[in-house]
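The values are calculated or read from the model by the stated rules, or taken from the named source; none is laboratory data. Quick caveat: nothing in here was measured; it's all calculated off a predicted structure. Virtual Cβ from ideal backbone geometry, glycine too; neighbours counted across all protein chains shown.
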């Protein structure tokens with residue numbers, strides 16, 4: 001056994017010296033020192049030896065096991081150092097190389113417009129209110145004085161969920177909800193998404209954005225409406241912006257008007273934006289119809305008010321000279337990044 005131990009030691013040391021990976025070293029540890037390893041097998045066979053030989057062979061076996069263990073530990077340390085050097089070399093960072101630029105996103109142009117509009121009207125004493133996008137036919141049409149045969153009620157124009165529920169076609173129902181649940185004075189704006197059964201093209205979308213405003217109080221006149229909208233136009237489009245009102249008809253208001261602004265690009269001379277007229281059609285407005293006030297429980301003899309509504313998509317297109325509403329919804333970074 002003494003010769004066997006010497007031979008095992010010599011062979012083990014040679015194999016450990018030649019090993020070039022941590023896996024090979026682990027395999028050698030199992031081969032020589034594991035439960036079924038060669039040194040362990042020698043120790044288990046010592047029962048066949050005489051009493052005189054056992055302590056000698058036992059001491060020699062322990063020495064061989066310790067030397068192999070130490071050799072494995074030293075070899076393992078060397079392999080770990082080599083592996084670390086390779087890792088550091090592979091992961092080296094060249095600090096002279098330029099860094100990777102991280103692009104920062106921008107607020108969507110429609111959201112930029114909403115924020116600007118809210119800031120303008122809040123500064124004039126308005127409160128921002130919201131309402132559900134699924135509305136009752138009553139709030140969306142009936143309470144707004146829309147005739148039963150009005151074309152906007154048709155399936156070809158409105159998305160019906162049930163006979164009595166629709167996707168709101170405007171944010172005016174929010175004003176109805178406010179008037180039903182609050183007494184004058186009322187001064188609110190209601191921005192939000194609206195839906196109409198339109199085929200998408202450069203100027204139409206089945207989903208779009210509106211902002212509507214409402215003021216109800218004693219002695220409110222058409223002059224208050226014109227003054228409010230004139231301030232809005234100058235603050236949103238520029239101090240040189242002029243406004244003009246044209247007679248129109250809306251069921252919700254009487255009298256009603258459409259408001260145009262002077263072209264902010266050509267100053268009224270005429271260009272492609274204003275189609276040579278010098279003016280851009282912007283929004284609809286008027287004095288709240290007495291029928292609407294009474295429907296909502298407000299005394300039309302004591303109170304009067306005005307309302308206005310504008311397409312946020314439309315005024316954003318006008319302000320930034322955008323010719324296709326679909327660009328707002330395509331998430332094209334080339335388009336969006338110009339609004340930084």
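Of these, 171, 136, 158, which one is in the same structural domain as residue 306 (by TED's automatic domain parsing), surrounded by 13 or more Cβ atoms within 10 Å (Cβ to Cβ) and either in contact with a helix residue (DSSP H, G or I) (Cβ under 7 Å, 6 or more places away or on another chain) or at positive phi (or both)?
Only one candidate qualifies: 158.
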Only one residue in 163, 133 is under 27 Å from the mean Cα position of the chain (by Cα) and over 21 Å from residue 253 (Cβ atoms). Which one? 133
Looking at the stretch 190-206, which of the residues that are touching a helix residue (DSSP H, G or I) at 6+ places or on another chain (Cβ under 8 Å) and assigned to a strand (DSSP E or B) is nearest to residue 328 (Cα to Cα)? 192
Does any residue of the stretch 197-212 turn out to be in contact with a strand residue (DSSP E or B) (Cβ under 6 Å, 6 or more places away or on another chain) and farther than 19 Å from residue 322 by Cβ? yes
What helices (runs of 4 or more DSSP H), lying completely within the stretch 232-340, carry at least 3 residues that are surrounded by 16 or more Cβ atoms within 10 Å (Cβ to Cβ)? 290-295, 312-320
